[in-house]
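Q: Provided herewith is a single structure, encoded as structure tokens, for subsequent inquiry.
The values are calculated or read from the model by the stated rules, or taken from the named source; none is laboratory data. Since the model is a prediction, treat every value here as computed from it, not as a measurement. No Cβ is skipped: glycine too gets one built from the backbone with ideal geometry, and neighbour counts run over all protein chains shown. With ligands, DNA and RNA removed, areas are computed over all heavy atoms of the protein, side chains included. Shrake-Rupley method; radii C 1.70, N 1.55, O 1.52, S 1.80 Å.
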Amino acid sequence: MLNSIDDVLAHWPAEEHWPVTGVRDRVTDLLQRFDDLEQLHRFWTTVREMRFPGTYGQTPWPFSCRLAHLTFDVANPHQKLMDDIERYRDSSDSSLVESCHEELRALMALENRMIVQDPHRRFADRIFRALGQGLQQGVKPVQLPGGHVLAAPHYAALVCDGIGPQTVPMCAVLALSPKLLDSEVYLFRGSYPGACGDAPLTSLGLKSLLPGVKSDPDLGELARIYLTSAEGAAGYAWGDTRGGDGAHGAENLTHLVLLGYAERTGGSEPNQLGGSWPQVSVTPAGVTAIHSAGVLPAIARQLSRGTALLHCCDETYEFDVCSGAIVASSGRLPAVMRVDVGELQEAFPDESIGDRDYEIPEVCYLDFSGAKVMADATFRDENNGTRPSL
């Protein structure tokens, strides 16, 4: 309990009387005096009503009091300072504008610290959610600490709560390492990394955001979606749920998104629990990873999926009769990503898919470039009823 002015001054020494042009020293001093907004609030509740005889209404802490007033007493402090800058712009006293700019920078510095020091780690969760939506590739280089420059940064945009009603745009930049989980995430203020001319506010290891993820991606749920969906898109089980209760579904999905194996569509699908799962699509890179892992045959057997054979030169593909997904191939990796079973059924309505084998010219399929390859109509006409593979 601080009982006297002397006690207060001993706890919070008086500020030096710097000129307005001493912006950097004044803001730095403020941040050194108060580790967080809680300390600033404690200071303000103590000194706001204090009077100092013989000072003509002056306070020993003019800058700290001004910032505390803006932070805790003004509904929209950012807008207040911007309005003051416009109001003083034509004034003969340029120090008024400089003082407002100084206060605005200090306010943003306090705001940055508040975001990073969030005791509930909500900012870390926002970074995680933003990364889980996918990365954008920037066109302007970004400077990282240590002189490292990212020529084409991969980043995710997010929004954090600020001081007052306005939110703060942020960017989470992923500095990729050869092993994805060893990557570092840098948090910048602004709608593009470094747009405000500032260094990153903080950084954290990607692994700390994905504690439930192993070094190898969990492809089981993604393989199920690829196998059972004719469009290669479906709800990802527990895809928005973090932690062990959801088998780290959200963390696994974010890992797959960052690897480029899955993309969120923005939609959702109802689940058997009365809720919904986020809808994701499997990318060509994801299909390649699934085939390389060799997990599809076991999943197909577990789900009792029917298959048919597709011949292409010296290779044979086994595909799912309902979705067209390639289950297995005699080659190392299939050139066909998915057979268009809907078109195939329309072309041959008198037979069920899987009643016979197929040749590659008589099916429509999606290749790994994303292109749709149409069936050879001439081949179909010439071989209709004779079935060269019978």
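Q: Part of a helix (DSSP H, G or I), loosely packed, with under 15 Cβ neighbours inside 10 Å, modelled with pLDDT under 95 and not assigned by the TED database to the domain that holds Arg264: is that true of Arg126 in this structure? So that I can check it myself, show each step before the final result.
A: Details: part of a helix (DSSP H, G or I): yes; loosely packed, with under 15 Cβ neighbours inside 10 Å: no; modelled with pLDDT under 95: yes; not assigned by the TED database to the domain that holds Arg264: yes.
Judged against the criteria, Arg126 is not a match.
Q: Being under 14 Å from the mean Cα position of the chain (by Cα), assigned to a strand (DSSP E or B) and not charged (D, E, K, R) is true for just one of Leu158, Leu131. Which residue is that? Steps first, please.
A: Numbers: Leu131 fails: assigned to a strand (DSSP E or B).
Just a single option satisfies the conditions, and that option is Leu158.
Q: Specify which of the listed residues (Leu180, Leu176, Leu210) is over 23 Å from Met114 (Cβ atoms) and open to solvent by less than 20 Å² (accessible area, probe 1.4 Å). Break it down into steps so the answer makes sense when it comes.
A: On the way: Leu180 fails: open to solvent by less than 20 Å² (accessible area, probe 1.4 Å); Leu176 fails: open to solvent by less than 20 Å² (accessible area, probe 1.4 Å).
Sole residue among the options that is over 23 Å from Met114 (Cβ atoms) and open to solvent by less than 20 Å² (accessible area, probe 1.4 Å): Leu210.
Q: Considering only segment 282-306, state which residues are in a loop (DSSP other than H, G, I, E, B) and either in contact (Cβ under 8 Å) with a residue 24 or more places away in the chain or open to solvent by 20 Å² or more (accessible area, probe 1.4 Å) (or both). Working first, answer last.
A: Restricting attention to segment 282-306, the residues satisfying the condition of being in a loop (DSSP other than H, G, I, E, B) are 283, 294-295, 303-306.
Of everything in segment 282-306, those that are in a loop (DSSP other than H, G, I, E, B) and either in contact (Cβ under 8 Å) with a residue 24 or more places away in the chain or open to solvent by 20 Å² or more (accessible area, probe 1.4 Å) (or both) turn out to be Gly294, Val295, Leu303, Ser304, Arg305, Gly306.
So that you can scan it fast, the table gives a plain yes or no per residue for (1) open to solvent by 60 Å² or more (accessible area, probe 1.4 Å); (2) at pLDDT below 90:
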position: Ala308; (1), (2): no, no
position: Asp320; (1), (2): no, no
position: Ser323; (1), (2): no, no
position: Ile326; (1), (2): no, no
position: Ser330; (1), (2): yes, yes
position: Gly342; (1), (2): no, no
position: Gln345; (1), (2): yes, no
position: Tyr358; (1), (2): no, no
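Q: Here's a follow-up. Looking at segment 56-85, which of its residues are of a type in the set (Ser, Thr, Tyr) and either within 13 Å of Glu15 (Cβ to Cβ) or modelled with pLDDT of 95 or more (or both)? Before the answer, list the steps.
A: Step one: of segment 56-85, the residues of a type in the set (Ser, Thr, Tyr) are 56, 59, 64, 71.
Thr59, Ser64, Thr71, listed by residue number.
Q: Which condition does Thr228 not pass, out of (1) polar (S, T, N, Q); (2) assigned by the TED database to the domain that holds Lys140; (3) in contact with a Leu (Cβ under 8 Å, 6 or more places away or on another chain), if it passes all the others?
A: It is condition (2) that Thr228 fails.
Q: For residues in segment 218-256 being open to solvent by less than 20 Å² (accessible area, probe 1.4 Å) and over 21 Å from the mean Cα position of the chain (by Cα), which is modelled with the lowest pLDDT?
A: Looking at the filtered set, the residue picked out is Gly232.
Q: Let me spell it out: the conditions are (1) more than 25 Å from Leu158 (Cα to Cα); (2) touching a residue at least 12 places away in the same chain (Cβ under 8 Å); (3) open to solvent by 20 Å² or more (accessible area, probe 1.4 Å), and Val116 meets all of them except one. Which number is the exception?
A: (1)
Q: OK, next. When the residues of segment 136-162 are filtered to those that are touching a residue at least 24 places away in the same chain (Cβ under 8 Å) and more than 21 Å from Ile115 (Cβ to Cβ), which remaining residue is most open to solvent (accessible area, probe 1.4 Å)? Give the steps one after another, and end with the answer.
A: Of the residues in segment 136-162, the ones touching a residue at least 24 places away in the same chain (Cβ under 8 Å) are 138, 140, 142-145, 148, 150, 153, 155-162.
Then drop every residue that is not more than 21 Å from Ile115 (Cβ to Cβ), which leaves 138, 140, 148, 150.
Details: Gly138: 7, Lys140: 130, His148: 102, Leu150: 29 Å².
Ranking the candidates gives Lys140 first.
Q: Among the numbered criteria (1) touching a helix residue (DSSP H, G or I) at 6+ places or on another chain (Cβ under 8 Å); (2) more than 28 Å from Gln133 (Cα to Cα), which one does Val295 miss?
A: Unmet for Val295, out of (1) touching a helix residue (DSSP H, G or I) at 6+ places or on another chain (Cβ under 8 Å); (2) more than 28 Å from Gln133 (Cα to Cα): (2).
Q: Kindly provide the set of residues from segment 71-96 that are more than 17 Å from Val168 (Cα to Cα) and either touching a His at 6+ places or on another chain (Cβ under 9 Å) or in a helix (DSSP H, G or I) (or both), ordered by number.
A: Filtering segment 71-96 down to residues more than 17 Å from Val168 (Cα to Cα) leaves 72-74, 83-96.
Selection gives Phe72, Asp73, Asp83, Asp84, Ile85, Glu86, Arg87, Tyr88, Ser94, Ser95, Leu96.
Q: With respect to Glu263, is the statement that it is assigned to a strand (DSSP E or B) and among the charged types (D, E, K, R) true? Break it down into steps so the answer makes sense when it comes.
A: On the way: assigned to a strand (DSSP E or B): yes; among the charged types (D, E, K, R): yes.
Yes: the conditions hold for Glu263.
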